[in-house]
Amino acid sequence: MQAVAALNIQLANPLVLSAADIAALAPTKADVNTFLGSLSLTNTTQAGHVTQTSSFSDALTLAVGNTCTALYAMLGLCINKFAAAPTVIEPIFDLQSIRNHKQLIYTGALTGNETENILQHTFSSADELKLESGLTAIQFYLSASAADTAANQTLITVNANSIITVTAAQFVNPAPAAGQPIANTFLHVVNTEAAAGSYKVSLL
């Protein structure tokens, strides 16, 4: 693919990357967008060719991986090279989306009886969270610091292979007034069993 090749040429010569190079790569952005759209169409087409799906899918997976790796490496290079003037990279990256993106889904694996700090976030009492478990029962709690244990916390249990939706107010006892911010901002998860488990948290 020409777009990936163009990116890799620049990645091979990071010290000579210039604003003019970025401008010259502007068509690459449109090329990549078109290519990613064609990948989706190709994937759909493959569904009708069962006998060939395996070999075609391997090539498709490789193409997706190469594209994403090249773009991610290029973004890192640009951030380092043009930190003082980020608008230089606007021809090939959508800075508005990058700046405004908020992570809403958090996933992870848990060893037996492990406690993990998932995130820090300021919740309002009405904010909702979708909590999902894997093969073991898990518990969630909010605390004042990343190092706080489950002791003396309000725990919300999610049984194995289950999904529940809760409000942030349910992590507080007594419950705060409607619309009030929650003082504790660190969300933790605890695997309550000896077997390995997992979790998924979606901020709704």
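Some points to look at:
- Residues of the stretch 64-84 that are more than 12 Å from S18 (Cα to Cα) and either not assigned by TED's automatic domain parsing to the domain that holds S18 or not in a helix (DSSP H, G or I) (or both): A83, A84.
- Y141 meets each of the listed conditions (1) in a loop (DSSP other than H, G, I, E, B); (2) under 22 Å from the mean Cα position of the chain (by Cα) apart from (1).
- Just so you know, in the stretch 184-202 the residues that are of a type outside the set (G, A, S) and in a loop (DSSP other than H, G, I, E, B) include one that is farthest from Q103 (Cα to Cα), and it is E193.
- Meets criteria (surrounded by 13 or more Cβ atoms within 10 Å (Cβ to Cβ) and small (G, A, S)) for G134: yes
- Only one of L129, L110, L135 that is in contact (Cβ under 8 Å) with a residue 12 or more places away in the chain, on the phi < 0 side of the Ramachandran plot, in contact with a helix residue (DSSP H, G or I) (Cβ under 9 Å, 6 or more places away or on another chain) and assigned by TED's automatic domain parsing to the domain that holds S198: L129
- Selection from the stretch 125-143 of residues that are hydrophobic (A, V, I, L, M, F, W, C) and modelled with pLDDT under 90: A126
The values are calculated or read from the model by the stated rules, or taken from the named source; none is laboratory data. It should be emphasised that the depicted structure is a prediction, and the values quoted were computed from it without experimental measurement. Reconstructed Cβ throughout: ideal geometry from the backbone, glycine too, with neighbour counts over all protein chains shown.
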